[in-house]
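This report refers to the structure that appears directly beneath it.
The values are calculated or read from the model by the stated rules, or taken from the named source; none is laboratory data. The structure displayed is predicted, hence computed values, not measured ones. Glycine gets a Cβ as well: all are built from the backbone with ideal geometry, and neighbour counts include every protein chain shown. The protein model used for the area step is the full one, side chains on, heavy atoms only, and it has no ligands, DNA or RNA in it. Shrake-Rupley method; radii C 1.70, N 1.55, O 1.52, S 1.80 Å.
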Amino acid sequence: MQTIALGPSFLDPDKLISTFGLIGILVIVFAESGLLIGFFLPGDSLLFTTGLLVSDGKFSQPLWLVCLLLWTAAVVGDQVGFLFGRKVGPSLFNRPNSRFFKRENVEKAHEFFDRYGPRSIVLARFVPIVRTFTPIVAGVARMKYRTFVVYNIVGGFLWACGVTVLGYSLGQVAFVRDNIELILVAIVLISVIPVAIELLRARSTSRTRAAVEPTASAEPVEPAAGRGRHRAGDDRRDA
């Protein structure tokens, strides 16, 4: 199998898996799902690579067990993030920036949550960075706990099991095995598409508002009293 080099070497999925094994993968999935410091971790490519390695016989555990463990790690991670958000509350938005924390990431997740509501818990799973902060924002917003749990379980399954099974299935295709790095780059690009769409949509909306507001303000409404005086003057001139 090719050496996969996407970003810093210490974030190379192949290297992470070979160094830390399945336990390390579970810890990373857990951290990226709900810990503030986990936003930079390579979740999508890591899950996909795990599926590839399972299909290649590099893991002694069967696919169903690997998926079950990954699903559990993802769900528990989001639960921790949600409870952390409830405990910290709105003060999270006033927290100063640091090396591992940027307020803009929380604000993006907040906008994402406002736009999609409970569905954001599922959709955010497939958006890098946003998936780390969305459960925290849901906790800050006091989302109904039972609703969060349902969407968390569904989202965790679709992401953790879906991407891993996809890697397992494609790992049996010769072209994919011979072009691992290219496939992972494609996965990263696809995962960024939702963010790009939202940015373009927000930009389009702001341009539309900017075009409408000057037009509306350029048409002053003459006071009724003024119109009455002009009308009276016109009547006198006609007389």
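Quick notes
- Evaluation of residue 21 against (1) at pLDDT 85 or above; (2) open to solvent by less than 60 Å² (accessible area, probe 1.4 Å); (3) not hydrophobic (A, V, I, L, M, F, W, C) (one fails), failing number: (1)
- The lone criterion from (1) open to solvent by 10 Å² or more (accessible area, probe 1.4 Å); (2) part of a helix (DSSP H, G or I) left unmet by residue 59 is number (2).
- Test: residue 52 is crowded, with 20+ Cβ neighbours inside 10 Å and either at pLDDT below 80 or farther than 16 Å from residue 157 by Cα (or both): yes
- Matching residues, the range 194-214, being modelled with pLDDT under 70 and closer than 15 Å to residue 130 by Cβ: 194, 195, 196, 198, 199, 202
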